[in-house]
Amino acid sequence: MYKLNDGQIIPEVGFGTYKLNGSKGAQSIVSAVNNGYRMLDTAYNYENEGAVGHAIANVSIPRTELTVTSKLPGRYYHYDDAIERIQESLYRAHLDYFDLYLLHWPNPKRDMYVEAWNALIDAQKFGLVKSIGVCNFLPEHLDRLEKETGVVPVVNQIELHPYFNQKDMRKYDSEHNIVTMDWSPLGRASAVLKDPTLVELAKKYNKSVGQLILRWEHQLDTLPIPKSTHSSRQLDNIDIFDFKISDEDMQRINGLTKVDGRVKNQDPAEYEEF
Ligand SMILES: NC(=O)c1ccc[n+]([C@@H]2O[C@H](COP(=O)([O-])OP(=O)(O)OC[C@H]3O[C@@H](n4cnc5c(N)ncnc54)[C@H](OP(=O)(O)O)[C@@H]3O)[C@@H](O)[C@H]2O)c1
């Protein structure tokens with residue numbers, strides 16, 4: 001478990017739900033919870049907060065044992081819009097509160113993220129959300145939040161996998177007591193899963209390449225949120241706690257990072273999403 005800078009506790013691995021929509025999506029999410037996941041990552045823009053809520057209503061795990069995360073899209077960063085959308089997110093999910101609510105992208109050219117952050121601070125005071133954080137924030141964005149509001153996010157959810165290992169961002173986050181959460185932790189099933197070094201090391205540890213990558217992310221003190229529709233892969237992706245990658249092999253995996261290693265070239269300094 002990770003202890004957040006506001007005192008809340010969250011699991012060490014979460015379940016990504018991007019593209020899990022409708023009844024098939026809800027079935028995959030039910031399967032993930034039954035397979036042991038206790039943290040679910042959704043977003044207003046995934047249009048599946050309903051599927052997540054439906055899944056939560058159809059598992060035997062009590063709500064209090066689940067950590068449910070959602071995210072505010074950039075088109076609702078005006079204060080009043082933000083509060084309304086968080087309420088709307090909750091209606092969609094049939095939930096009374098989110099455990100974690102994140103700003104989805106900084107969209108720095110619009111310069112609205114501080115206003116949206118003030119709305120999240122109030123949403124936490126109103127009891128709509130337990131913890132608040134961000135995604136895709138760079139140091140200059142995080143510095144501004146701290147300077148202008150005094151409230152440091154608990155989590156920064158960023159793209160992180162062996163081809164883009166975010167060494168500098170991880171250092172910043174850990175120095176500021178922010179948990180780094182990894183999106184596309186398997187590189188969204190891209191070439192990284194066939195990387196010869198990873199294939200070789202996975203054989204050495206008698207694990208799948210996915211398990212090796214997720215264990216590497218765990219040993220970097222980050223929190224991966226892999227997504228899978230397959231029950232067997234869901235089980236694999238959470239079964240990473242019975243082996244340890246040596247320091248030398250950690251360095252080999254660290255060495256695979258590339259300057260242009262992002263899956264879709266979404267640099268938060270430039271890329272915008274609303
Ligand atoms: N904050 C943000 O801006 C942001 C951006 C992107 C994503 N996210 C979040 O991060 C989550 C995870 O990222 P992601 O969905 O982009 O990618 P990912 O988890 O890295 O990869 C998912 C893909 O990998 C496949 N897969 C899963 N486990 C596997 C395994 N053990 N072996 C081989 N293939 C495997 C899945 O296929 P099957 O389903 O067929 O198994 C799927 O195609 C998302 O679902 C979303 O919740 C956040």
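Table for the structure above
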read-out: Residue in region 179-202 that is over 18 Å from residue 13 (Cβ atoms), over 15 Å from the mean Cα position of the chain (by Cα) and of a type in the set (S, T, N, Q) present; value: yes
read-out: Residues of region 143-171 classified as more than 15 Å from the ligand (Cβ to nearest atom) and touching a strand residue (DSSP E or B) at 6+ places or on another chain (Cβ under 7 Å), total; value: 1
read-out: Selection count, region 214-262, where residues are within 15 Å of the ligand (Cβ to nearest atom), open to solvent by less than 20 Å² (accessible area, probe 1.4 Å) and more than 18 Å from the chain's Cα centre (by Cα); value: 1
read-out: Every pair of residues 6+ apart whose Cβ atoms lie under 6 Å, when the first sits in region 165-188 and is at negative phi while the second is within 16 Å of the ligand (Cβ to nearest atom) and aromatic (Phe, Trp, Tyr); value: none
read-out: Residue count for region 14-38, restricted to those that are under 16 Å from the mean Cα position of the chain (by Cα) and either farther than 19 Å from residue 98 by Cβ or surrounded by fewer than 22 Cβ atoms within 10 Å (Cβ to Cβ) (or both); value: 3
read-out: Filter pass, residue 124 being polar (S, T, N, Q), farther than 29 Å from residue 186 by Cα and surrounded by fewer than 24 Cβ atoms within 10 Å (Cβ to Cβ); value: yes
read-out: Residue under evaluation residue 202, criteria (1) within 14 Å of residue 162 (Cβ to Cβ); (2) open to solvent by less than 10 Å² (accessible area, probe 1.4 Å); (3) touching a residue at least 40 places away in the same chain (Cβ under 8 Å); (4) within 13 Å of the ligand (Cβ to nearest atom), criterion not met; value: (3)
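The values are calculated or read from the model by the stated rules, or taken from the named source; none is laboratory data. This is a predicted model, so every value here is computed, not measured. Note that we place each Cβ from the backbone using ideal geometry, even for glycine, and neighbour counts take in every protein chain shown. All accessible areas refer to the heavy atoms of the entire protein, side chains included, with ligands and DNA or RNA removed. Shrake-Rupley method; radii C 1.70, N 1.55, O 1.52, S 1.80 Å.
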